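What follows is calculated from the coordinates using simple rules that are stated; it is not laboratory data. Just so you know, these numbers come straight off a predicted model, no measurement behind them. FYI the Cβ positions are ideal-geometry reconstructions off the backbone, even for glycines, and counts take in every protein chain you see.
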Amino acid sequence: MTKPLVGIVMGSTSDWDVMQHAARQLKDFGVAYEARALSAHRTPDLLVEWIDQLVAGGVRCFIAGAGGAAHLAGVVAARTPLPVLAVPIPSKYLKGLDSLLSMVQMPQGIPVATFAIGEGGAANAGLFAVSMLALSDQALAGRLDSFRVKQTEKVKGAKLPDLS
Ligand code: RP5
């Protein structure tokens, strides 16, 4: 089995709807990942065990998604100096603003890189992980270039609807 280069963790299985967009980018670029639902407050010991196991296996970065008082990414970053990309999950009452502020306001010394709330942020976290890995993987860098070219072409070819 291929060893994961990226660990994707989310606080609850209910976060998967959003976090699957990070996994999708990695899958499309052929980057091996492992995704788990593990909580910083409900399963702290299991979380640490999983992080340590992935680090020992050579993982290069983590993507952590959580909602509400979203301390998951900070806890991952407290355990490993590897880059941690944080995805704020939309929450029921505060719509993810709580998650965003919890993640982006990490105190000095233990950074996490925080992305936009929701699917776009999750997809961008996946793409950012690809960019980091592409620094030492020429084939992956080539695939990222092609992705950008294709994306540009799509915008160039976009047509707006005529007014009736
Ligand atoms: C957080 O609480 C999770 O990351 C999730 O976004 C939120 C709600 O979790 P569930 O009640 O759906 O399990 O820990």
Any idea how many residues of region 5-17 are within 14 Å of the chain's Cα centre (by Cα), farther than 14 Å from Val87 by Cα and either within 16 Å of the ligand (Cβ to nearest atom) or part of a loop (DSSP other than H, G, I, E, B) (or both)?
1
Filter region 76-110 down to the residues that are within 21 Å of Met132 (Cα to Cα), in contact (Cβ under 8 Å) with a residue 40 or more places away in the chain and within 16 Å of the ligand (Cβ to nearest atom) and list them by number.
Val76, Leu85, Val87
Checked region 52-75 for anything away from the ligand (no atom under 16 Å from the Cβ) and of a type in the set (A, V, I, L, M, F, W, C); matches are Leu54, Val55, Ala56, Val59, Cys61
For region 18-77, give me each residue that is among the hydrophobic types (A, V, I, L, M, F, W, C) and part of a strand (DSSP E or B).
Ala35, Ala37, Cys61, Phe62, Ile63, Ala64, Ala66
Could you please let me know if Gly118 is at positive phi and under 11 Å from the mean Cα position of the chain (by Cα)?
yes
